[in-house]
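Below: one structure, written as structure tokens.
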Amino acid sequence: MPALAAGFALALLVAVPGSAQAADGSYTYFTAAGQPFRVDEPSSGTCLPLVGGAVRFSNDTTDTAFLYADSSCGGGWALVGVGATWDAPTGVQAFGVRLGSTAQAVKGARS
């Protein structure tokens with residue numbers, strides 16, 4: 001049985017693409033403490049954590065950004081278009097971001 005499980009896991013690794021496409025450009029965000037973070041050439045279609053949470057997010061990539069309430073890109077989301085900036089309502093922070101098309105972001109969203 002362990003050999004079968006190992007074989008199945010190996011098959012999954014081979015079947016899954018090795019790298020995600022990167023969005024051109026960068027995004028910048030600020031934590032509630034005012035600490036800035038900048039990420040260059042971020043992966044598209046992958047949930048990326050926003051360390052410390054974001055209260056302001058600027059999207060200077062070629063992809064739409066979807067901000068999530070948790071670092072696993074679950075819960076509700078906010079849309080930040082190309083070249084746009086999001087300022088969190090009072091008491092709200094984003095902890096995850098997924099870049100890409102609307103279809104990818106909605107599929108990744110959980111209620």
## Note on the structure
By residue number, the members of segment 7-31 that are open to solvent by less than 80 Å² (accessible area, probe 1.4 Å) and either at pLDDT 95 or above or touching a Ser or Thr at 6+ places or on another chain (Cβ under 9 Å) (or both) are Ala20, Ala22, Ala23, Gly25, Ser26, Tyr27, Thr28, Tyr29, Phe30, Thr31
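Determine whether Asp87 is surrounded by 14 or more Cβ atoms within 10 Å (Cβ to Cβ) and of a type outside the set (S, T, N, Q). First the steps, then the outcome.
Details: surrounded by 14 or more Cβ atoms within 10 Å (Cβ to Cβ): no; of a type outside the set (S, T, N, Q): yes.
The answer is no for Asp87.
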### Query
Can you find a residue in segment 43-60 that is in contact with an Asp or Glu (Cβ under 9 Å, 6 or more places away or on another chain), open to solvent by 70 Å² or more (accessible area, probe 1.4 Å) and not in a strand (DSSP E or B)?
no
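The values are calculated or read from the model by the stated rules, or taken from the named source; none is laboratory data. Being a predicted model, the structure only gives us computed values, none of them experimental. Quick reminder, even Gly has a Cβ in these numbers, built from the backbone with ideal geometry, and neighbours come from all protein chains shown. Note: areas computed on protein heavy atoms with side chains; ligands, DNA, RNA excluded. Shrake-Rupley method; radii C 1.70, N 1.55, O 1.52, S 1.80 Å.
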